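Taking it in order: structure first as structure tokens, then the write-up.
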Amino acid sequence: MIQSYCTLKQAVSLVESGNRVFIHGSAATPLPMVEALLNRANEINNIELVAISTYGDINWNRPEVRKSFYLNSLFVSANVRDWVNSDAGDYVPVFLSEIPRLFEQKILPIDVAIVQVSPPDEHGYCTLGTSVDAALSAVRTARIVIAQVNPRMPRVLGDGIVHASVFKAMVWHEMELPELVYQAKNNGVTEQISKQVAALIDDGATLQMGIGGIPDTVLQYLTNHKGLGVHTEMFSDSIIPLIEKGIVTNEHKRVRCGITVSSFVLGTRKVYDFAHDNPAVACMNVAFVNNSDVISRNPKVVAINSAMEIDITGQVCADSIGTYQYSGIGGQMDFMRGAALSEGGKPVIALPSTTKDGISRIVPFLKQGAGVVTTRGHIHYVVTEYGTVNLYGRNMAQRARLLTSIAHPAHREELGRACFERFGKDAVKAGI
């Protein structure tokens, strides 16, 4: 077991040219470690960085960094979006549930894993804190593991318990974790969508909420529900009131009954403190949390996710704007499929009918170069502020008519013409 701590400079000196380096993500992004590593750009070269979501300012757009470091991202967050879309980066399309397999099967073998952990307990055990997801597999498979030990990192129970002897180097660095707050828009669209989604949720349901203002707001409309469970890739602040009021009890779940299950925690200090040493919260390996078979074992799973745009046949683009990589596949398909296979489950795509500029999100065709995250074979419920439709079992013309019915009124005539041009006059007879 390591008996002492070293400096940031000493820790990142373990990284050598040609290494593939995993960077811990979400609220656990070890920003001081990342900055110290990037500052070695003139000393090392051909470094491939691998990460999922990262948070905080990363000073990457420097000539020496772009020359020596390449970001091969498994998801795309705002702070590295331009990096991924530059000649010094790229994106790997992959289901979140399968990222650990990339490490374990040496498809993307990790040389060095840089993580942020809670302090060792009296037995020498740290935790991966707010972000277990794929970090656990990176730690288990990397040749070298470097840890930033932060007393502000909560000790989160579950799979992410790691003994300090695993770390080749440890740096003591106290810092506040990044906080994320979703603010509902004042135009009422988010509230209208959220109320409709909440109406789809039955008592005893198991919930998965994607990232964004809509899933977050849905939780505020569940105060009259009973016996809800949570099995989700992200645990945020909005779940806490439902737990405290006895609405989320996890009593009907068949997987980790009585426990709120997540793969990472992201929100404000309130949720970090709530998760700290809380036996009712478990952060687990994302290969388990996002496994569609595991998800489907729970009853009445409602998976709530969003999209950039959806075409009239039900193809969902949730990760790009044309060819510009905006985010990633993430766990959307893991949970959409898991919910579909769950007894009484409901996969839901919820989105505003238009962008902030008034452009329709329901379109005849996806933008050229757009990625399909949820296929037309996996789509079920679609919700906008203008209504809820279920596309499951519907033919192409029926889907087009249903989706047109919940589009913004200003765009329905155009979508109607597209429907007629594509499916002909028989589309009118298709029925709803």
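Per-structure values
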{"read-out": "Segment GLN105-PHE420, length gained on full extension (0.36 nm per residue, minus Cα span)", "value": "108.5 nm"}
{"read-out": "Farthest positive-ward along the range 8-172 dipole, Cα basis, beta-carbon charges - from LEU157, ASN59, TYR91", "value": "ASN59"}
{"read-out": "Cut-off under 5 Å, modelled amide H: who pairs with ALA134 long-range", "value": "VAL286"}
{"read-out": "Between the range 119-180 and the range 14-69, the alpha-carbon center distance in angstrom", "value": "18"}
{"read-out": "Length-normalised contact order for the chain - Cα pairs under 8 Å, 6+ apart - percent", "value": "13"}
{"read-out": "Under the Karplus curve 6.51 cos²θ - 1.76 cosθ + 1.60, θ = phi - 60°, whole-Hz ³J(HN,Hα) for the range 135-146, x wherever Gly or Pro sits", "value": "5, 4, 5, 5, 5, 5, 10, 5, 5, 10, 10, 10"}
{"read-out": "Spacing of the two label points (7 Å from each Cα toward its C-beta) at ASP87 and ARG269, in nm", "value": "4.5"}
{"read-out": "Peptide ranges 400-410, 19-29 listed from the most packed, as the mean C-beta count within 10 angstrom indicates", "value": "19-29, 400-410"}
{"read-out": "Segment SER4-SER17, extension gain: residue separation times 0.36 nm, minus the distance between their alpha carbons", "value": "2.1 nm"}
{"read-out": "Theoretical gain in end-to-end length, GLU244 to VAL181 [0.36 nm per residue, Cα-Cα removed]", "value": "20.7 nm"}
{"read-out": "The chain, helix-only ellipticity at 222 nm - DSSP H runs n ≥ 4, -39,500 (n - 2.57), divided by all residues, nearest 500", "value": "-6500 deg cm²/dmol"}
{"read-out": "Nearest-20 debye value, the chain charge dipole, Cβ charges on Lys, Arg, Asp, Glu", "value": "1000"}
{"read-out": "Spin-label pair ASN390/THR323, simplified geometry with 7 Å Cα→Cβ offset, distance in nm", "value": "4.1"}
{"read-out": "Euclidean distance of C-alpha centroids, the range 334-382 and the range 197-268, integer Å", "value": "21"}
{"read-out": "Kirkwood Rh (inverse of mean 1/r, distinct Cα pairs), the range 189-429, angstrom", "value": "18.2"}
{"read-out": "Neighbour cut-off at most 15 other Cβ (10 Å), DSSP loop, GluC sites (Glu not before Pro), the range 1-86", "value": "GLU16, GLU43"}
{"read-out": "Fraction of beta bridges assigned by DSSP in the chain that are antiparallel (%, nearest 5)", "value": "25"}
{"read-out": "The range 22-77: trypsin sites (Lys or Arg not before Pro) falling in loop per DSSP and having at most 15 other Cβ within 10 Å", "value": "none"}
{"read-out": "Where GluC sites (Glu not before Pro) fall in DSSP loop in the range 215-268, at most 12 other Cβ within 10 Å", "value": "GLU251"}
{"read-out": "Listed pairs LYS270/LYS346; LYS245/LYS346; LYS106/LYS367; LYS195/LYS356; LYS226/LYS356 exceeding 26 Å between Cα atoms", "value": "LYS270/LYS346; LYS106/LYS367; LYS226/LYS356"}
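No value in this document is a laboratory result; all are computed from the given coordinates. For clarity, every value in this text was computed on a predicted model and none was experimentally measured. Quick reminder, even Gly has a Cβ in these numbers, built from the backbone with ideal geometry, and neighbours come from all protein chains shown.
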